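Asker: Please see the structure below; I have some questions.
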Amino acid sequence: ATATGAPSDDYRRAIRPENGNNDIGAYEYTTETVFKSPVFRFWGSEYNGHFYTHSTSERNTVISSYPVKTWQYEFVAYDAFSSAVTNSTPMYRFWSNTYKAHFYTATSGERDYVIANYPTIWSYEGAVYEIYPLSYSGGGTNDVYRFWSPSYFNHFYTASSAEKDYIIASYPSSVWTHENARFKVPK
(Lines give C-alpha, C1' and ligand atoms only; values in the text may rest on other atoms or scores of the structure.)
Protein backbone atom coordinates (compact mmCIF):
# COMPACT_ATOMS: atom_id res chain seq x y z
CA ALA A 1 0.00 0.00 0.00
CA THR A 2 1.13 3.55 -0.58
CA ALA A 3 1.73 6.09 2.15
CA THR A 4 -0.23 9.31 2.43
CA GLY A 5 1.42 11.96 0.29
CA ALA A 6 3.50 9.36 -1.56
CA PRO A 7 4.68 10.20 -5.07
CA SER A 8 2.42 9.26 -7.97
CA ASP A 9 4.95 7.07 -9.74
CA ASP A 10 7.29 4.27 -8.78
CA TYR A 11 11.07 4.29 -8.58
CA ARG A 12 11.32 3.72 -12.34
CA ARG A 13 8.97 6.67 -12.94
CA ALA A 14 6.14 4.37 -14.07
CA ILE A 15 2.73 5.81 -13.21
CA ARG A 16 0.93 4.04 -10.39
CA PRO A 17 -2.69 2.97 -10.75
CA GLU A 18 -5.00 5.96 -10.42
CA ASN A 19 -6.43 4.84 -7.05
CA GLY A 20 -2.89 4.57 -5.63
CA ASN A 21 -3.67 1.39 -3.68
CA ASN A 22 -1.29 -1.01 -5.41
CA ASP A 23 2.36 -1.23 -4.44
CA ILE A 24 4.11 -1.64 -7.80
CA GLY A 25 7.70 -1.07 -6.82
CA ALA A 26 8.31 2.24 -5.08
CA TYR A 27 8.15 0.67 -1.64
CA GLU A 28 9.76 -2.70 -2.35
CA TYR A 29 11.38 -4.35 0.66
CA THR A 30 15.06 -3.54 1.20
CA THR A 31 17.25 -3.36 4.28
CA GLU A 32 17.44 0.39 3.78
CA THR A 33 15.13 2.96 2.26
CA VAL A 34 16.54 3.75 -1.17
CA PHE A 35 14.74 6.05 -3.52
CA LYS A 36 16.28 6.65 -6.90
CA SER A 37 15.20 9.76 -8.64
CA PRO A 38 16.01 11.34 -11.98
CA VAL A 39 18.79 13.73 -12.87
CA PHE A 40 17.43 16.08 -15.54
CA ARG A 41 19.58 17.23 -18.46
CA PHE A 42 19.42 20.59 -20.23
CA TRP A 43 21.28 21.82 -23.32
CA GLY A 44 22.32 25.46 -23.62
CA SER A 45 23.09 26.52 -27.18
CA GLU A 46 23.97 29.98 -25.84
CA TYR A 47 26.75 28.38 -23.75
CA ASN A 48 27.44 25.24 -25.82
CA GLY A 49 27.05 23.17 -22.69
CA HIS A 50 24.83 21.04 -20.52
CA PHE A 51 23.28 21.55 -17.11
CA TYR A 52 22.19 18.70 -14.82
CA THR A 53 19.89 18.90 -11.83
CA HIS A 54 18.41 16.37 -9.48
CA SER A 55 15.87 18.86 -8.15
CA THR A 56 12.40 18.82 -9.70
CA SER A 57 11.87 22.32 -8.33
CA GLU A 58 15.11 23.58 -9.94
CA ARG A 59 14.17 21.83 -13.21
CA ASN A 60 10.78 23.56 -13.21
CA THR A 61 12.31 26.95 -12.36
CA VAL A 62 14.85 26.64 -15.18
CA ILE A 63 12.13 25.61 -17.67
CA SER A 64 9.89 28.52 -16.69
CA SER A 65 12.60 31.19 -16.22
CA TYR A 66 15.12 30.78 -19.04
CA PRO A 67 14.74 31.01 -22.82
CA VAL A 68 15.43 27.71 -24.63
CA LYS A 69 18.66 29.09 -26.12
CA THR A 70 19.97 29.41 -22.55
CA TRP A 71 18.64 26.10 -21.13
CA GLN A 72 16.42 23.73 -23.08
CA TYR A 73 15.20 20.65 -21.23
CA GLU A 74 16.32 17.44 -22.97
CA PHE A 75 15.50 14.37 -20.86
CA VAL A 76 16.44 12.33 -17.79
CA ALA A 77 20.20 11.78 -18.06
CA TYR A 78 20.43 9.09 -15.36
CA ASP A 79 19.18 8.27 -11.87
CA ALA A 80 20.81 9.21 -8.58
CA PHE A 81 19.93 9.21 -4.88
CA SER A 82 18.45 12.12 -2.91
CA SER A 83 20.44 11.16 0.19
CA ALA A 84 23.35 8.94 1.13
CA VAL A 85 22.95 5.19 0.72
CA THR A 86 25.42 2.38 1.43
CA ASN A 87 28.59 2.91 -0.65
CA SER A 88 27.41 6.18 -2.20
CA THR A 89 29.35 9.41 -2.44
CA PRO A 90 28.21 13.01 -2.99
CA MET A 91 28.16 14.66 -6.40
CA TYR A 92 29.70 18.12 -6.06
CA ARG A 93 28.66 21.00 -8.32
CA PHE A 94 30.45 24.19 -9.36
CA TRP A 95 29.38 27.16 -11.48
CA SER A 96 31.67 29.37 -13.56
CA ASN A 97 30.56 32.89 -14.45
CA THR A 98 33.67 33.05 -16.63
CA TYR A 99 32.75 30.01 -18.76
CA LYS A 100 28.98 30.07 -18.15
CA ALA A 101 29.20 26.37 -17.32
CA HIS A 102 28.73 23.88 -14.51
CA PHE A 103 31.30 21.36 -13.41
CA TYR A 104 30.46 18.16 -11.51
CA THR A 105 32.81 15.83 -9.69
CA ALA A 106 32.27 12.78 -7.51
CA THR A 107 35.65 12.94 -5.78
CA SER A 108 36.42 15.13 -2.80
CA GLY A 109 40.06 15.38 -3.92
CA GLU A 110 39.09 16.89 -7.27
CA ARG A 111 36.56 19.16 -5.52
CA ASP A 112 39.25 20.39 -3.11
CA TYR A 113 41.75 20.90 -5.96
CA VAL A 114 39.28 23.06 -7.93
CA ILE A 115 38.40 25.10 -4.82
CA ALA A 116 42.09 25.68 -3.99
CA ASN A 117 43.36 26.37 -7.51
CA TYR A 118 40.49 28.05 -9.36
CA PRO A 119 38.65 30.21 -6.80
CA THR A 120 37.99 33.03 -9.29
CA ILE A 121 36.86 30.65 -12.07
CA TRP A 122 34.72 28.01 -10.31
CA SER A 123 32.26 28.80 -7.50
CA TYR A 124 31.49 25.81 -5.31
CA GLU A 125 27.73 25.17 -5.02
CA GLY A 126 27.92 22.12 -2.75
CA ALA A 127 26.80 18.50 -2.88
CA VAL A 128 23.70 18.14 -5.05
CA TYR A 129 22.88 14.41 -4.95
CA GLU A 130 24.45 11.00 -4.29
CA ILE A 131 25.96 8.54 -6.77
CA TYR A 132 28.40 5.64 -6.61
CA PRO A 133 32.16 6.18 -6.92
CA LEU A 134 33.87 4.63 -9.92
CA SER A 135 35.45 2.08 -7.56
CA TYR A 136 32.02 0.69 -6.57
CA SER A 137 31.93 -3.01 -7.48
CA GLY A 138 28.29 -3.81 -6.74
CA GLY A 139 25.94 -4.62 -9.58
CA GLY A 140 23.06 -2.69 -11.05
CA THR A 141 24.98 0.40 -12.17
CA ASN A 142 25.96 2.28 -15.30
CA ASP A 143 29.22 4.15 -15.76
CA VAL A 144 28.94 7.89 -16.42
CA TYR A 145 31.50 9.22 -18.88
CA ARG A 146 32.93 12.73 -18.80
CA PHE A 147 34.16 14.86 -21.68
CA TRP A 148 36.00 18.19 -21.58
CA SER A 149 35.69 20.77 -24.34
CA PRO A 150 38.78 22.94 -24.76
CA SER A 151 36.74 24.88 -27.34
CA TYR A 152 33.71 25.60 -25.14
CA PHE A 153 35.39 25.38 -21.70
CA ASN A 154 32.83 23.04 -20.22
CA HIS A 155 32.17 19.39 -19.45
CA PHE A 156 29.64 16.91 -20.79
CA TYR A 157 28.44 13.80 -18.95
CA THR A 158 26.60 10.76 -20.30
CA ALA A 159 25.53 7.40 -18.90
CA SER A 160 24.93 6.13 -22.43
CA SER A 161 27.71 4.03 -23.97
CA ALA A 162 26.18 4.66 -27.38
CA GLU A 163 26.24 8.43 -26.87
CA LYS A 164 29.82 8.24 -25.55
CA ASP A 165 30.89 6.26 -28.65
CA TYR A 166 29.07 8.72 -30.94
CA ILE A 167 30.82 11.74 -29.38
CA ILE A 168 34.23 10.04 -29.66
CA ALA A 169 33.61 9.07 -33.32
CA SER A 170 32.00 12.35 -34.39
CA TYR A 171 34.05 15.10 -32.74
CA PRO A 172 37.78 15.75 -32.66
CA SER A 173 39.39 15.99 -29.23
CA SER A 174 39.71 19.75 -29.79
CA VAL A 175 35.91 19.88 -29.43
CA TRP A 176 35.25 17.03 -26.93
CA THR A 177 38.07 15.21 -25.16
CA HIS A 178 37.01 11.93 -23.57
CA GLU A 179 38.03 11.78 -19.89
CA ASN A 180 36.76 8.20 -19.34
CA ALA A 181 34.18 6.99 -16.83
CA ARG A 182 34.13 9.17 -13.69
CA PHE A 183 31.37 7.71 -11.49
CA LYS A 184 28.51 5.19 -11.49
CA VAL A 185 24.77 5.57 -11.18
CA PRO A 186 22.02 3.09 -10.36
CA LYS A 187 20.25 1.39 -13.28
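The values are calculated or read from the model by the stated rules, or taken from the named source; none is laboratory data. Computed from a predicted structure; not experimentally measured. Ideal geometry is used to build each Cβ from the backbone, glycine not excepted, and the neighbour counts take in all protein chains shown. The protein model used for the area step is the full one, side chains on, heavy atoms only, and it has no ligands, DNA or RNA in it. Shrake-Rupley method; radii C 1.70, N 1.55, O 1.52, S 1.80 Å.
Asker: On the full set of protein chains, 1.4 Å probe, figure out the accessible area of Ile168 and give it in Å² to the nearest 10.
Answerer: 80 Å²
Asker: Follow-up. Hey, got a sec? Which GluC sites (Glu not before Pro) in segment 41-78 land in a DSSP loop and have at most 14 other Cβ atoms within 10 Å?
Answerer: Qualifying residues, ordered by number: Glu46.
Asker: What lysines could a cross-link reach from Lys184, if we take a straight Cα to Cα line under 29 Å and drop same-chain neighbours fewer than 8 places away?
Answerer: Lys36, Lys100, Lys164
Asker: Taking amide hydrogens as modeled 1.01 Å from N in the peptide plane, which residues meet the under 5 Å criterion relative to Phe153, leaving out close sequence neighbours?
Answerer: The list, which skips near neighbours in sequence, is empty: none.
Asker: Kindly sort Ser37, Ser64 by accessible area of their heavy atoms, largest first, with the probe set to 1.4 Å.
Answerer: Values: Ser37 25, Ser64 95 Å².
These residues rank, largest area first, as Ser64, Ser37.
Asker: Another question, then. With every protein chain in place, what's the accessible area of Lys100 (1.4 Å probe, Å², nearest 10)?
Answerer: Looks like 80 Å² after rounding.
Asker: A further question on this structure: In terms of the Cα gyration tensor, with a ≥ b ≥ c the square roots of its eigenvalues, is segment 40-187 rounded because a/c is under 1.5, prolate because a/b exceeds b/c, or oblate?
Answerer: On the way: a/c = 1.23, a/b = 1.17, b/c = 1.05.
Rounded shape, in that the Cα axes give a/c under 1.5.
Asker: Under 1.5 on a/c is rounded, so check that first for segment 106-187, then, if it is not, pick prolate when a/b is larger than b/c and oblate when it is not; a ≥ b ≥ c are the square roots of the alpha carbon gyration tensor eigenvalues.
Answerer: Working: a/c = 2.46, a/b = 1.06, b/c = 2.32.
It comes out oblate by the Cα gyration axes.
Asker: Going by amide H atoms built from the backbone, whose H comes under 5 Å of the H on Leu134, apart from near neighbours?
Answerer: Residues meeting the criterion, in which the H sits 1.01 Å from N, are Lys184.
Asker: Follow-up. Give, as ranges by residue number, the residues of segment 50-78 whose backbone N falls under 15 Å from the point 7 Å along Cα→Cβ of Lys100.
Answerer: Counting only backbone N, you get 50-51, 66-72.
Asker: All other residues with a Cβ under 15 Å from the Cβ of Ala181 taken together, and with Lys, Arg as +1 and Asp, Glu as -1, what is their net charge?
Answerer: Values: positive: Arg146, Lys164, Arg182, Lys184, Lys187; negative: Glu110, Asp143, Glu163, Asp165, Glu179.
Within the 15 Å Cβ shell, the charges total 0.
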